[in-house]
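Please treat every number below as a calculation from the coordinates, not as lab data. Since this is a predicted model, take the numbers as computed values, not measurements. Quick reminder, even Gly has a Cβ in these numbers, built from the backbone with ideal geometry, and neighbours come from all protein chains shown.
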Amino acid sequence: MWLYADQNLVAPMLSTLRNEGMIVGSEEDWYYYAGLVGTIPVLTGIATTFIWGYLADKLSRRSLFALTVLVGEIPCFLTGFTKNYYELLFLRALTGIGINGAAPVARALVADLYRPEERGRGYAIYNFSSGFGVLLGMLMAGVVLSANLSWRVPFLVAATPNFILTPLFLLLVKEVKLGYAEPEVRKLYEMGVEYRFRINLKEFTGALLSTPTLIFIYLQGVPGTFPWGAIPYWAPTFFHEVWGLSEGTATLIVFTAGMGMMIGYFIGGLLTDRLQRRVLNARLMVPFTGILLGTLTMIALLKYPYPHGDESFAALLPVLLLGLFGMIFVTFAAPNVPAVLSEVSLPEHRGTVFGIFNITDNIGSAFGPTIASGFMVYFLGMGVGEPVNMLYGLIAVSLFWVPCALLWLPAFRTYERDKARLRKILAERSRGQLPAMP
């Protein structure tokens, strides 16, 4: 949770950082430099996340997870001591390596802990903890700004707890056996037999290319994460500059939308766990529907005719509700994507599977803030004045959710078949490893 508190700390403070000279650029192009602060950490994460995922299939996932947390938190702490834009950018880049390294390791651990039919719940809990961390970070930033404290404080506060919690994690949490949650593999462990299969990159490549569901789920993540990268990053500035709200009130709207994310994680995960017992392809239907509904709701939020500068509860209530429900819908996919990936991939491949997923799932997050700023600059050049260009830019990037939803459709033809094939392979392996009857 605390690791992810760092992830969106910068977003509510863009105007403050700009005013203090920590973001360079002229009146016309500061959007670009601000966008890089959000883009570069994700790019460094993308560049290294496959390695972390592969290591999760080779080494202790428990120890590796602890290492990724420290790799992320040390530069987060040091961010509080930066002196200029380029130091800020460098330390954010290092933080991105840790945050994006933790994700594939943690997702592989969840698959080892939760049975296939319960993984919606397992990934809902994981997404809740990481999402709550992001919210906590934004809330800290909002409180600090409202109290006129230094922008450096949230980075120090976000990093410090994990310097205590990480050693405790290593002391108190036992190693999880590879593939333990699979019924066929658990049967081996209960009989005192170790699951002996480990990743081989040649075999992994063959398995990847022969499992179309993996490909489709990877592809949908590319356009689907452009809005995820752009909207949370630019929303506080949008509410401040377009709607005339204070930074604290702008952060409140984003925080409320974030609460919708928390609710959406559990609805999306638990609903599909329950529905899949009776409805074919439930893990695909729920995300597909949620993404389309969420897209419409978020565009309605951005286009809402807000009374400029009015911070009364009556003025805020409609946009709070739009943000809440928009995020509930669009996050239905979050727990189901890793659940689907885990249900069609072998236990010894899952760290690497999630490493690749973290690449496709973060390409949009990496370029989202910069693409949104590019749209803003484009509309500015087309004669759309500030800050309306920001509105047009965010609506344009929101539309990337539409191709994301459409890319779920091919998986409806392959998902059940790929699941059945995995079960067959594990059953054959289990029979092959069991000792012969006397």
Subject >> the chain: Rg to Rh, with Rh as the Kirkwood radius over Cα pairs >> reply: 0.99
Original post:
With each run of n ≥ 4 DSSP H residues scored as -39500 (n - 2.57), what mean residue ellipticity at 222 nm is computed for the chain after dividing by its residue count and rounding to the nearest 500 deg cm²/dmol?
Top reply: -25500 deg cm²/dmol
**OP:** Hey, can you grab everything whose amide H is under 5 Å from the amide H of residue 245? Only 5+ residues off in sequence or another chain; H modelled, so Pro and N-termini drop out.
**Re:** 240, 309
Original post:
So how tilted is helix 212-241 from the main axis of the chain? Cα-based, degrees 0 to 90, rounded to 10.
Top reply: 20 degrees
Subject >> Extension gain, residue 156 back to residue 63 (0.36 nm per residue minus Cα-Cα distance, nm) >> reply: 31.1 nm
**OP:** Could you calculate the contour length gain from residue 83 to residue 427, that is, 0.36 nm times the residue separation minus the distance between their Cα atoms, to one decimal place in nm?
**Re:** 118.0 nm
**OP:** Kindly flag which residue pairs out of 58/83; 303/419; 83/303; 177/202 have an alpha-carbon separation exceeding 31 Å in this structure.
**Re:** 58/83; 303/419; 83/303
Subject >> Angle in degrees between helix 313-330 and the longest Cα principal axis of the chain, rounded to the nearest 10 >> reply: 30 degrees
**OP:** Compare the peptides 190-198, 109-117 by average per-residue count of other Cβ atoms within 10 angstrom and give them in order, highest first.
**Re:** 109-117, 190-198
Original post:
Taking a quarter of the surface of the Cα convex hull of the range 52-167, what do you get in nm²?
Top reply: 8.1 nm²
Subject >> Additional length obtainable on full extension of the chain from residue 164 to residue 205, 0.36 nm per residue less Cα span >> reply: 10.9 nm
**OP:** Take every Cα pair under 8 Å in the range 137-257 that's 6+ residues apart, average their separations, divide by the length, and report that relative contact order as a whole percent.
**Re:** 31 percent
Subject >> Cα gyration tensor, the range 131-234 - rounded (a/c under 1.5), prolate or oblate >> reply: oblate
**OP:** Could you run the Karplus curve 6.51 cos²θ - 1.76 cosθ + 1.60 with θ = phi - 60° over the range 413-425 and give me ³J(HN,Hα) per residue in whole Hz, x for Gly and Pro?
**Re:** 8, 10, 4, 5, 5, 5, 4, 4, 5, 4, 4, 5, 4
Original post:
Mind listing the phi-derived Karplus ³J(HN,Hα) values for the range 33-39, rounded to whole Hz, using 6.51, -1.76 and 1.60 with θ = phi - 60°, and x for any glycine or proline?
Top reply: 5, 5, x, 5, 5, x, 7
Subject >> Förster-model FRET efficiency, 41 Å R0, residue 19 and residue 263, C-beta, rounded to 0.05 >> reply: 0.75
Original post:
In whole Hz, what ³J(HN,Hα) sequence does the range 277-287 give by Karplus (6.51, -1.76, 1.60; θ = phi - 60°), x for Gly and Pro?
Top reply: 6, 10, 10, 5, 6, 4, 5, 9, 5, 5, x
Subject >> Between 0 and 90°, nearest 10: helix 61-79 axis offset from the chain longest Cα axis >> reply: 10 degrees
**OP:** Mind grabbing the base-10 log of I(q)/I(0) for the range 255-351 at q = 0.11, 0.16 Å⁻¹? Debye formula, identical points on the C-alpha positions, no solvent, two decimal places.
**Re:** -0.41, -0.70
**OP:** Compute the relative contact order of the range 216-305 as a whole-number percentage, counting only Cα pairs closer than 8 Å that sit 6 or more residues apart in sequence.
**Re:** 13 percent
